[in-house]
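For reference, the structure discussed in these notes is given below.
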Amino acid sequence: MSSSSKSNSVRTKSHSKNPKAIVLFSGGLDSTTCLYQAIQDGYSPIALSFDYNQKHKQELKSAKKITKLLEVPHLIQKLNPEFFQGSSLTEKKIKVPKNSLGHSEIPNTYVPGRNILFLSFGVSLAEGIGAQRLYIGVNALDYSGYPDCRPEFIKAYSDAIRIGTKTGAEGHPLEICTPLQFLDKKEIVLLGSKLGVPFSMTHSCYDPAGGKPCGKCDSCLLRKKGFQEAGVPEK
């Protein structure tokens, strides 16, 4: 199935009779694939995005368009940028690295504690509305080396919410679902194509200019690599 085709299995309005799920949703390739996967899995998703004064705020425009297309409820939580310092994604004085993919050190695009905070908001929302799953598009293969994308982090966080939430204490903890955890970008693109993800609507660039991707940051390079290896067009 091409990315432009209309998939009846996913391009449908969320049904209240289905179990609920929260999807941490940036509007990028990975999180959009997760959103489509959640619907394919039979869940009625609520997309949760974050505005933390990121340089690539263009992603939120993509997120709005995609959730509108799917008729999925969409929440955008605005966060104080003071909590997101020390990253090239949030500070103008720090430049986003270009053509640096493959370096062993953690890049300055790492945002301190970002996934910890995002997951915490997701857990609070999920437990409050009775959602059974929380989807997040973390990946441990084709990624920039962020420590909060590793499987050991997800396991530790899952243990924490099992111990520290009412639903966990009662024996039915919220499940953190990471469908892309062990997929490379090629496999993510192939999965997205199968699900009917509208690739051209997604945004991945860390340092866009005038809404256009730079083509040189880690995220742009990984995206390009995935589509090339999968042999799937982006549009």
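Criterion applied to Ile106, Ile76 was being modelled with pLDDT under 95, among the β-branched types (Val, Ile, Thr) and farther than 20 Å from Pro213 by Cα, and the one residue passing it is Ile106.
Step by step: first the residues of segment 182-215, then only those that are among the hydrophobic types (A, V, I, L, M, F, W, C) and not in a helix (DSSP H, G or I), then the one that is surrounded by the fewest Cβ atoms within 10 Å (Cβ to Cβ). Which residue is that?
Ala209
Tell me, please, whether a residue that is open to solvent by less than 50 Å² (accessible area, probe 1.4 Å), at negative phi and not in a helix (DSSP H, G or I) can be found in segment 113-128. No; the residues of segment 113-128 include none that is open to solvent by less than 50 Å² (accessible area, probe 1.4 Å), at negative phi and not in a helix (DSSP H, G or I).
Per-residue answers, yes or no, for (1) outside any loop (DSSP other than H, G, I, E, B); (2) of a type in the set (D, E, K, R); (3) surrounded by fewer than 21 Cβ atoms within 10 Å (Cβ to Cβ):
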site	(1), (2), (3)
Gly27	no, no, no
Ser31	yes, no, no
Tyr36	yes, no, no
Ile39	yes, no, no
Gly42	no, no, yes
Ala47	yes, no, no
Lys61	yes, yes, yes
Thr67	yes, no, no
Glu82	yes, yes, yes
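When we screen Pro151, Pro112 for residues that are over 19 Å from Ser49 (Cα atoms) and of a type outside the set (Phe, Trp, Tyr), the only hit is Pro151. Selection of segment 129-143 for residues being over 19 Å from Ile176 (Cα atoms) and either open to solvent by 60 Å² or more (accessible area, probe 1.4 Å) or not in a loop (DSSP other than H, G, I, E, B) (or both) yields only Tyr143.
Evaluate the following for Lys194: is it in contact with a helix residue (DSSP H, G or I) (Cβ under 8 Å, 6 or more places away or on another chain) and of a type in the set (D, E, K, R)? No.
Against the numbered list (1) without any contact (Cβ under 8 Å) to a residue 40 or more places away in the chain; (2) in a loop (DSSP other than H, G, I, E, B); (3) closer than 26 Å to Tyr110 by Cβ, His172 comes up short only at (3).
Step by step: first the residues of segment 157-170, then only those that are open to solvent by less than 60 Å² (accessible area, probe 1.4 Å) and among the aliphatic types (A, V, I, L, M), then the one that is farthest from Pro45 (Cα to Cα). Which residue is that?
Residue satisfying both the conditions and the ranking: Ala160.
All of Pro147, Pro151, Pro173, Pro179 fail the test of being over 19 Å from Ile66 (Cβ atoms), in contact with a helix residue (DSSP H, G or I) (Cβ under 6 Å, 6 or more places away or on another chain) and open to solvent by 20 Å² or more (accessible area, probe 1.4 Å), apart from Pro173.
The values are calculated or read from the model by the stated rules, or taken from the named source; none is laboratory data. Since the model is a prediction, treat every value here as computed from it, not as a measurement. Glycine gets a Cβ as well: all are built from the backbone with ideal geometry, and neighbour counts include every protein chain shown. Surface accessibility is based on the protein's heavy atoms, side chains included, excluding ligands, DNA and RNA. Shrake-Rupley method; radii C 1.70, N 1.55, O 1.52, S 1.80 Å.
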